[in-house]
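Below is one structure; the comments refer to it alone.
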Amino acid sequence: MKKLLAVLLSLAITVSCCAFAASASGEVKGEITDYPVIIVPGYSSASLYYGDSLETGEHVWGINMDLITQRLLANIAQIGIGLGAMTLGNAEYIAKVVGEEFAVMFEKMRCNPDGSSAYELKRDYTDGADTNNAVLMERYPDGQYRHEKDIAAEIAEYIGDAKIYNFSSDFRMGSEICAAQLDEYIQTVKRHSGKDKVNLFAVSHGGQVTATYLNLYGWKGDVDNAVMTVPAIGGAGIAYDIGMGKIALDEECLLRFIEHGMRWEEDYDWLVKAQQLGFLDKVFNALVPYFFSVMGYWGSIWDFMPTDKYEQAKAKLLDGEASAELIRKSDRFHYEILPAMGEKFAECIENGMNISIIAGTGNDVVTGLQVNSDGIIPTECATGATCAPLGKRFADGYIQKNPCGGKNKLSPAMDIDASTAYMPDNTWFVDGLYHGMTYWDDYTRVLMMNLLLTDNITDVYSNSDYPQFRYTSNPSSAVYAQFSGCQPGILSGEATSLTVKNICKESRVRIAAVCCDGIELDFKVSPNKVLQPGESIEIPFTGDIPAVSGKAVGITVYYYTNTVTPVGYRTQSYTVENGERVAAQGMLANSAFTAPIDKIIGKNADALLKNLGLKEFVSMVTTIVYYWINTVFAAVK
């Protein structure tokens, strides 16, 4: 069962990366800028070829299904044996079969130990005139060479395809080389469009490239708006896990990642918390030497290493003499370019640019690195903010590291201190947002479009509809809760009710119970009220909101849906802001809130339920029953 589940999860996450459908149109308000938009895509988005010309050369990167099918059929017997061996726990055999094929298929992508390309590869298109969306749509109706097609289609509703351009870098190279390629490309777009500035929309690795570009070339003033979403500015945790052979898949995080990507309104993740994918971890870790033979000396892989892990990885994986040039370039990125990001961004903003970051938080890294992240990029790497260790939060009364003119930079979950961010006033944090899911979250999608296409939002205080901290509104989260009369994530004395919204696109929701941890509040749920998609309900509560500030509170909404997983829950954190700040109570506290079952069962029973995979289900049912017993007895009294 565990092995079958793991295979299905692996297939699902692959599908989730390439099978998304279009979403609803955005709501851009205000005057649209007159500048073209350059899409700076995520990792491996470029097409590379080997040879004299695009027409006669060998296409060496991209998903070539014909080649994959051909090699699959040629090795079907070995693959069959490998899958059989995998079910018996022999991870090395299947890793050998897959790894050797990977090394052969992508041999021409290999770099030498010094970081130089082993083969002379070329990018397919490097000029704005050839990569304009309108041109590419006519030349390649199948969508080839265009990036982020769903996002681009929505952008085109406002500015047209003729104003959208698609940048490609040799993503194997370090960010400094890719940034130089972006600078050259921007000049071609300016010539082709006849405009003196451009807007940049960057995703993931594109965020690292864009950040490095702004750092090194921002003084030119060629950019009006730059939006970096889920950016890998300071690295990607997955690079360290894979490079060091320390993959330990977090199956719950992996499944939630898939749920969000597919916008499933069924809630499966609590069903698999006891499953362990150790055998699959062994397969991936056994593949590392084969991956390293092709990718191990890519400059981008080394720029992806988080700074606090960089020296450890370098000592284990690189030879100081053979890789001296690669080390020199990556050292420069880690110790010269990256530390200056905040200063360089500030200079760009002072010179009239609008620069913004949208980052995901609140998730583990899927490959097992235990840090606050969007599932791929550690939040600290994406933003420069200080994060509490995963599973912890800053204690009540915590004082942020930098004063920031008296502005509060502590997240409602009290796990992020944004006062140390590259841009404390220009970074939006979305709890529960997964990597690459900006477009599938109504809040971040509309925010991104407004940041990119208008000059109306210059910082996190420009529009109260887009606060610095917020929870995701991806429909797979089912419900979203906010206290009446309060900013998202805040609980003040003005609140008299909790607004709960059904954020599903198709499913109906009925609230089963609402529980509070941290203070004593009792919520009066109407059990017969059914919320249609997009509908909200005001749930009144009784109890005293303490006259203090800086105290963490957790609210869990339990609900029923008309899906195949009819019961679910969502917990959101809030900070009480209702008086004098509470005295600091240490540095860290546990971030998990307690459910009624946690107060009833002992450690042995808790461990047993977790091992059986029943803890979440039993906890949900127990809490709902506990809630209604208390409600009934309260009514009788």
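Tabulated results
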item	result
Members of region 179-200 found to be open to solvent by less than 10 Å² (accessible area, probe 1.4 Å), within 30 Å of Leu326 (Cβ to Cβ) and touching an Asp or Glu at 6+ places or on another chain (Cβ under 6 Å), listed by number	Ile186
Any pair with Cβ under 6 angstrom, 6 or more apart, that starts in region 423-447 at a residue that is over 15 Å from Ala232 (Cβ atoms) and ends at one that is assigned to a helix (DSSP H, G or I) and of a type in the set (Phe, Trp, Tyr)	Met423/Phe345; Arg445/Tyr439
Residue check, Asp114 charged (D, E, K, R), farther than 26 Å from Tyr145 by Cβ and modelled with pLDDT of 85 or more	yes
Thr383 under 20 Å from Tyr471 (Cα atoms), in contact (Cβ under 8 Å) with a residue 60 or more places away in the chain, touching a Gly at 6+ places or on another chain (Cβ under 9 Å) and of a type in the set (S, T, N, Q)	yes
Failed item in (1) aliphatic (A, V, I, L, M); (2) part of a loop (DSSP other than H, G, I, E, B); (3) over 13 Å from Ile519 (Cα atoms), with Ile545 passing the rest	(3)
Leading residue by the ranking (nearest to the chain's Cα centre (by Cα)) among those in region 160-178 that are small (Gly, Ala, Ser) and either surrounded by 23 or more Cβ atoms within 10 Å (Cβ to Cβ) or not in a helix (DSSP H, G or I) (or both)	Ser175
Hits in region 89-119 - residues which are touching a Phe, Trp or Tyr at 6+ places or on another chain (Cβ under 7 Å), in contact (Cβ under 8 Å) with a residue 60 or more places away in the chain and under 30 Å from Ile186 (Cβ atoms)	Met109, Cys111, Asn112, Gly115, Tyr119
Positions within region 401-414 being on the phi > 0 side of the Ramachandran plot, open to solvent by 40 Å² or more (accessible area, probe 1.4 Å) and in a loop (DSSP other than H, G, I, E, B), in sequence order	none
Conditions (1) surrounded by fewer than 21 Cβ atoms within 10 Å (Cβ to Cβ); (2) out of contact with any Lys or Arg (no Cβ under 8 Å at 6 or more places or on another chain); (3) assigned to a loop (DSSP other than H, G, I, E, B); number of the one not met by Thr499	(3)
Members of region 222-272 found to be at pLDDT below 85, charged (D, E, K, R) and either farther than 22 Å from Cys381 by Cβ or open to solvent by 10 Å² or more (accessible area, probe 1.4 Å) (or both), listed by number	Lys246, Asp250, Glu251, Glu252, Arg256, Glu259, Arg263, Glu265, Glu266, Asp267, Asp269
Matching option when the condition is farther than 23 Å from Arg110 by Cβ and part of a helix (DSSP H, G or I), among Lys329, Lys344, Lys314	Lys344
Subset of region 517-532 (residues that are part of a strand (DSSP E or B) and either open to solvent by 30 Å² or more (accessible area, probe 1.4 Å) or in contact with a Pro (Cβ under 8 Å, 6 or more places away or on another chain) (or both))	Asp517, Asp522, Phe523, Val530
Lone qualifier among Asp417, Asp441 - being within 22 Å of Tyr461 (Cβ to Cβ), acidic (Asp, Glu), in contact with a Cys (Cβ under 9 Å, 6 or more places away or on another chain) and buried (at least 21 other Cβ atoms within 10 Å of the Cβ)	Asp417
Residue match in region 185-194 (condition: part of a loop (DSSP other than H, G, I, E, B) and touching a residue at least 12 places away in the same chain (Cβ under 8 Å))	no
Only listed residue being touching a helix residue (DSSP H, G or I) at 6+ places or on another chain (Cβ under 9 Å) and among the small types (Gly, Ala, Ser), chosen from Ser497, Ser492, Ser477, Ser549	Ser477
Every residue from region 467-495 that is outside any strand (DSSP E or B), open to solvent by less than 40 Å² (accessible area, probe 1.4 Å) and closer than 19 Å to Ser536 by Cα	Thr472, Ser473, Asn474, Pro475, Ser476, Ser477, Ala478, Ser484, Cys486, Pro488, Gly489, Ala495
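The values are calculated or read from the model by the stated rules, or taken from the named source; none is laboratory data. If you're wondering where the values come from, they're calculated on a predicted model, not measured in any experiment. Methodologically, a virtual Cβ is constructed for each residue, glycine included, from the backbone with ideal geometry; neighbour enumeration extends over all protein chains shown. With ligands, DNA and RNA removed, areas are computed over all heavy atoms of the protein, side chains included. Shrake-Rupley method; radii C 1.70, N 1.55, O 1.52, S 1.80 Å.
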